[in-house]
1. Which percent, to the nearest 5, of DSSP beta bridges fully inside the chain are antiparallel?
2. Given the stretch 82-193, report the % of alpha carbon pairs whose separation exceeds 23 Å.
3. All other residues with a Cβ under 12 Å from the Cβ of Y140 taken together, and with Lys, Arg as +1 and Asp, Glu as -1, what is their net charge?
4. State, to one decimal in nm², a quarter of the convex hull surface area for the C-alpha atoms of the stretch 156-236, i.e. the direction-averaged projected area.
5. Exposure proxy check: I8, I174, I199 ranked by fewest other beta carbons within 10 Å?
6. Pull up all non-local amide H partners of I156: gap of 5 or more, or a different chain, and H-to-H distance under 5 Å with H placed in the peptide plane.
7. Note down the relative contact order for the stretch 94-159 as a percent, whole number, built from C-alpha pairs under 8 angstrom at least six residues apart.
8. May I ask which residue of Q115, I84, Y39 lies farthest towards the positive end of the charge dipole of the chain, with charges of +1 (Lys, Arg) and -1 (Asp, Glu) on Cβ and the Cα centre as origin?
Amino acid sequence: MKFDISAIGNALVDTQFMVENTFLDSVNLAPDQMMLVTYEEQKEILNKLESLNLESAIDCGGSATNSLVAASYYGSKCNHICKINNDEDGKRYFQSLEAAGVNHAGMSTNNIDKQTGKCLILVNPQAQRTMCSALGISEYLDIHDFDMTDAINSKIFFIEGYMVTSESNFNTVIHVLESLKDTQTQTFLSLSDQSIVNIFRDRFSSIMSYNIDFVFGNHDEAMTFTQTSSLEAAVEAMKNQNFISIITCGAEGSILINGEDVIRSSAQQIKPVDTNGAGDMFAGSFMHAFLNDYNFGDCLAFANLAASKIVETFGPRLQQHEYKDLATQLKNIKNS
């Protein structure tokens, strides 16, 4: 195989702020909300934030991107299928992927009407994150932007759930899944967001029809996906699916459901700072451990540990040495 993991997802430059709940109220936003907005709407909120002189951070994000960066720093060979523009943000994005050792596939254009995507992230004192995303050129990915054989020649093809929000992106995902039929590539899907699961249920169902192997989701996404009203009811419903389900439950840890087999793994006890990127880190860490033949219990334990490090950090990424430290801890799990 050419790559360990090929992922398809939106390429977004993140600008993140620590805010009070009163600010969210003032701009008609709610904690843990995800909204698709225009650049103009995003800029209006950003102007208000900049006038308050708040703590902020800028990095190259996107859900699949964060997962790949983690896996790549651990040692997996990763490939990102996404679309950026040849503007300043696009150049920054490409350099960020290159620094993390992630191969990039996706046409870079000079279409000034479709900028590189941006995401404004607001984190409240309870460590909950609110996202306002302007997808820009990232929502126009199509099959002419990348070499399909990169996905076919990967051990894992990972789909970011946000791809269902764009018709072009969704159609591209379906085209790749068609090409992966009768291959050895395993398919992983992240549900990404509760409201996205609810609004685009038909598109998720279409993706599921391609015999997805693993599905990641938090407890709210799992309940929405299964149309249940409690976590335990969602777990029972997931037992009837033909894929392996992995549910993240914040401070309660994580659960893997494989038919009637249910594995529960406790979370690390930490003081939360910022939950943004925790699910992405969990997914990237789980996939890396899985590819290195760890059992499901150890994969969950490592993913919980890695996600806790993100929750203790302001921003969706760690420093390079921190990923290396986690990779060493994973080796210790296998040797214990």
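1. 35 percent
2. 36 percent
3. Surrounding charge for Y140 is -3.
4. Taking the Cα atoms of the stretch 156-236, their convex hull projects to 5.1 nm² on average.
5. I199, I174, I8
6. The answer is I5, S6, Q186.
7. Computed over the stretch 94-159, the figure is 28 percent.
8. In the chain, that residue is I84.
Bear in mind these aren't lab numbers, they're just calculated from the coordinates by the rules spelled out. Here the structure is a predicted model, which is why all the values come from computation and not from measurement. Here the Cβ is made from the backbone with ideal geometry for all residues, glycine too, and neighbour counts use every protein chain on show.
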